[in-house]
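Below is one structure, written out as structure tokens, with a few remarks after it.
The values are calculated or read from the model by the stated rules, or taken from the named source; none is laboratory data. Since the structure is predicted, the reported quantities are computational estimates derived from the model, not experimental observations. Positions of Cβ are backbone-derived with ideal geometry, glycine not excepted, and every protein chain shown enters the neighbour counts. Please note that ligands, DNA and RNA were not included when accessible areas were found on the heavy atoms of the full protein model with its side chains. Shrake-Rupley method; radii C 1.70, N 1.55, O 1.52, S 1.80 Å.
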Amino acid sequence: LRRNGSNALLSSIPGVVMRQSPLGGNAMPMFRKSGGELCRPDVLVDGMPRVYMDAWELATLMQQAVRVEVYTRRLLVPGDLMVLGDCGAIGIWSR
């Protein structure tokens with residue numbers, strides 16, 4: 001992915017909204033629930049959930065990724081991936 005390519009990739013997926021921080025920097029992906037409200041997806045790196053990840057770290061990991069999986073609904077997440085929230089998930093695979 002080229003610089004800012006991760007934002008373009010994610011924003012092209014239906015249900016994904018890139019939310020810019022008031023402090024500037026990289027935008028964080030948010031998923032739109034069926035009721036219209038936004039929620040923050042879980043992020044998994046090589047199948048392991050990350051409790052917190054900022055937008056800069058997410059963009060960096062996506063640029064280095066060999067595969068990125070986006071599940072915009074909790075029900076779409078495969079059962080072998082541990083997701084903590086009910087918003088869906090972004091899986092980043094580095095190997």
| request: For the stretch 10-50, name all the residues that are without any contact (Cβ under 8 Å) to a residue 40 or more places away in the chain, open to solvent by 50 Å² or more (accessible area, probe 1.4 Å), in a loop (DSSP other than H, G, I, E, B) and not polar (S, T, N, Q). | output: 22, 23, 25, 35, 37
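Looking only at residues that are part of a loop (DSSP other than H, G, I, E, B) and over 18 Å from residue 16 (Cα atoms) in the stretch 56-76, which one is least open to solvent (accessible area, probe 1.4 Å)?
By that ranking, first place goes to 65.
Taking the conditions exactly as written (free of Cβ contacts under 8 Å to residues at least 12 places away in the same chain and either in a loop (DSSP other than H, G, I, E, B) or open to solvent by 30 Å² or more (accessible area, probe 1.4 Å) (or both)), does residue 53 satisfy them or not?
Numbers: free of Cβ contacts under 8 Å to residues at least 12 places away in the same chain: yes; either in a loop (DSSP other than H, G, I, E, B) or open to solvent by 30 Å² or more (accessible area, probe 1.4 Å) (or both): yes.
Yes; evaluated as a whole, the condition is true for this residue.
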| remark: For the stretch 66-95, pairs from a residue that is farther than 11 Å from residue 43 by Cα to a residue that is open to solvent by 30 Å² or more (accessible area, probe 1.4 Å) and aromatic (Phe, Trp, Tyr), with Cβ under 9 Å and 6 or more apart or across chains, are 66/93; 67/93; 77/71; 78/71
